[in-house]
Amino acid sequence: MRFILLLGFVSTIYPINAQVEVKQDTVRELNEVVIQAYQYNRPLFETPAPVGVLSATERYRFNESTLVPSFNTVPGVRLEERSPGSYRVSIRGSTLRSPFGVRNVKVYWNQIPLTDPGGNTYLNQLDPAMTGSIEILKGPGSSLYGAGTGGVLLLNSPVITQGHYLKASLQLGSYGSELVQLSYEEAGEQSSHQVQVLHQQSDGYREQTRMSRDVVNSVFRFDLDDAQVLETYIFYSDLFYETPGGLTLTEFQEDPRQARPATALLPGAVEQDARVHLQSFFMGVSHEYAFSRKLHNRTSVYGNLVNFKNAAIRNYDHRNEQSFGARSVTTFNQPVGKAILTAIGGGEFQSGFLPTKSYQNVGGQEGALLADDEAQAFIFSLFGQGEMRWNTFSATVGLSLNQQKITYLLLSDPDSKQEKLTYDPQLMPRIAAMWKARPSMAVMASVSRGFSPPTLAEINASNGVFNENLLPEEGINYELGFRAKGFTNRLQVDLSTYIFRLNETIVIRREEDGAEYFVNAGNTNQRGLEALIMYSDELPNGAFLHRFNLWISYTYNHYRFGDYRKDQDDFSGNELTGTPPHILSGGFDLSTRAGVYVRATCLFTDKLPLNDANTAYADSYLLPGMRFGYIHKRFEIYTGVENMLDETYSLGNDLNAAGGRYFNAAPGRNFYGGLKINLAF
């Protein structure tokens, strides 16, 4: 019925025999794309930084309702989903700081900060259809992107092609999943506009995992004149999802689809109606001005309102968060003989009012007030970067000054006084160099320092204690990389190896009743190797096959605790909690000139430790998948299967969980299928 209604909606607005422009093939082409990371604005092959690129095309290998499988094909990157709609992401590290949500990873939406001043990012407020290309900066990005040790995500809206388009798509899948997308796009010589209405829902694989998300998104770009461009980004997101809670190994093996059952100490997830409801309204405005061909500035301002309700098994938390901020970057280019000098300067600040009320959870309703607190967070970063390019060599030196302040007041305690936390300003340098030994071969090296103060959610954790003694993380990353291409750019190779020593590593702890808190765990030694090999070829006219694409990625993590002792326990030398030592993924894409395509993928994830003592592990798993489709000039129809072997595995484990409740079962074998229509007029 939804399928028929969608067709009726589209045909009512515009006749089905209208001229249609649909891409004939979405198999990835390995053409060089422009990288925005560190303001380099040039192809990846010429960028002296470890950057992973994820285009919308990569997502078309999988179920389009989630970013998880496509993210996990990028070496060094791990995206987890404890239940539908509940994301966690790590870049070259564990998820020790993220019981849920995204922390210690700075996220930008069209070059505007999406991470709030408290250090948290609601990545799940975005629908996957709102993103086009995604750049993933690995290692500390503090020299241009503020304090942090866990990497940076640069999310961009889809590129709008010239013309007028009405697009509609419907995808249905296992466990009651539905995805409906409607958009209107128009682009001319001086302006472009996109409006999206997006809906997603699912009954979930496990008990107590129903989810629903509705998003309205508007992206507008207008050329004021030959030198100025104005852009606006506005979206409203309404997300609801249930949280089933972690299972013990016995419960996981007996029935992985069950929600957390009741115990003598606490009721279960169903009894407490554990759930999250997130409503957010985001608005950003960017202005670009080209003073000359050499001098350019981009300044952005934004505001974000968030209403967050979390009925957890213990507490019922309610937050009304308001934040705003600005970022300005000025770039100057100057040729000097055969060299090109580039200077970049700018700053970023964010301020937020982040109050929280915490109640007892009584059967899914607010009970007695446990805590009522107000927090204000302020962060700023001043940065500069210089680069010199000369023939086959380039060198970059960047430096930033970062500071964070948090003011906290517990209103529910009449005797409480306002507390302030101010972390001393920190200088974050980055030095990078690249040498193109041959036109098809490049070597790069970099040294960068990272500094990451605790987030507000770590200082004011769910155990109700304002932990002003929690120290910031800091460390130095040493990197060596190699890139090559051959066979007329059909083959591309990207290799990186690094050593990162992180001091005062922040890790999560849980009390017997499930309350969370965070401690510093001495230092960790993180050594890794990342490899990505891709081959793409377009066959000559007349051949049955049109394009062929083969890719393989590999991640090796040798992560160990350094000097780490807790009471009488010595965890020094143990594997870092939550980090698998080996991850391997690969696949191929085939498309024919008749419009039929096949995309096959496979992901292997090694076993990983679930607690700091390394006494409990999650098993390794293998996830093959396939997607088949047919693209016509007027539409695309497709179907696919994921977890073909019906593997029982846990994704988004609860690390250091009390009572051994580590496991959050991921869906078994599941199917999906969809239809896309693209009308141009």
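A Förster distance of 60 Å, applied to the separation of the beta-carbon atoms of Q228 and N541, puts the FRET efficiency at 0.85. Exposure proxy for S90, S192: other Cβ atoms within 10 Å of each Cβ, ordered fewest to most, give S192, S90. Three principal axis extents of the stretch 176-254 based on alpha-carbon atoms, in descending order, are 66, 22, 18 Å. Per-residue ellipticity at 222 nm computed for the chain from its helices equals -1000 deg cm²/dmol, with DSSP H segments shorter than 4 residues left out and the rest contributing -39,500 (n - 2.57). Entry note, the stretch 417-472: relative contact order of 27 percent, from Cα contacts under 8 Å with a spacing of 6+ residues.
Can you give me the relative contact order of the stretch 564-681 as a percent, contacts being Cα pairs under 8 Å and 6 or more apart?
20
Hydrodynamic analysis of the stretch 512-658 uses the Kirkwood radius over alpha carbon pairs. Inserted into Stokes-Einstein at 10 °C and 1.306 mPa s, it gives a translational diffusion coefficient of 85 µm²/s. Shape call for the stretch 97-142 from the C-alpha gyration tensor, a ≥ b ≥ c root eigenvalues: rounded (a/c under 1.5), prolate (a/b greater than b/c) or oblate? Here the stretch 97-142 falls in the oblate category. Stokes-Einstein diffusion of the stretch 633-681 at 4 °C, 1.567 mPa s viscosity, Kirkwood radius from Cα pairs, rounded to a whole number: 92 µm²/s.
Would you mind checking K167/K633; K357/K420; K106/K485 for any pair whose Cα atoms are more than 25 angstrom apart? Long pairs (Cα-Cα over 25 Å): K106/K485.
Do you know the relative contact order of the stretch 402-537, to the nearest whole percent, from alpha carbon pairs under 8 angstrom that are 6+ apart? Rounded, it is 18 percent for the stretch 402-537.
Cα centroid distance between the stretch 515-564 and the stretch 405-430, in Å? Each part reduced to its Cα centre gives a spacing of 37 Å.
Here F500, F663, F635 are placed in order of increasing Cβ neighbour count within 10 Å, fewest first, which gives F635, F500, F663. A Förster radius of 45 Å, combined with the Cβ-Cβ distance separating T422 from A290, puts the computed FRET efficiency at roughly 0.70. Counting only the Cα atoms, the stretch 467-596 fills a convex hull of 162 Å³ per residue. By other beta-carbon atoms within 10 Å, ranking W435, W109 with the fewest at the front produces W435, W109. Relative to one another, the C-alpha centroids of the stretch 131-202 and the stretch 571-630 are positioned 24 Å apart. Averaged over residues, the count of other Cβ atoms within 10 Å places the peptides 305-315, 573-583 in the sequence 573-583, 305-315, highest first. Rounded to a whole number, what is D in µm²/s for the stretch 486-552 from Stokes-Einstein with the Kirkwood radius over alpha-carbon pairs (25 °C, 0.890 mPa s)? My calculation gives 147 µm²/s for D. Straight-distance candidates among the aspartates and glutamates for linking to K417, with alpha-carbon spacing under 12 Å and chain neighbours fewer than 8 residues away dropped: D373, E374. Straight-line reach from K436: taking Cα to Cα under 15 Å and skipping same-chain neighbours fewer than 8 places apart, the aspartates and glutamates in range are E46, D494. In the distance distribution for the chain, Cα-Cα pairs more than 34 Å apart total 45 percent.
The numbers here are math on the coordinates, done by the rules we state, and not lab data. Everything quoted here is computed from the prediction, not taken from an experiment. Virtual Cβ from ideal backbone geometry, glycine too; neighbours counted across all protein chains shown.
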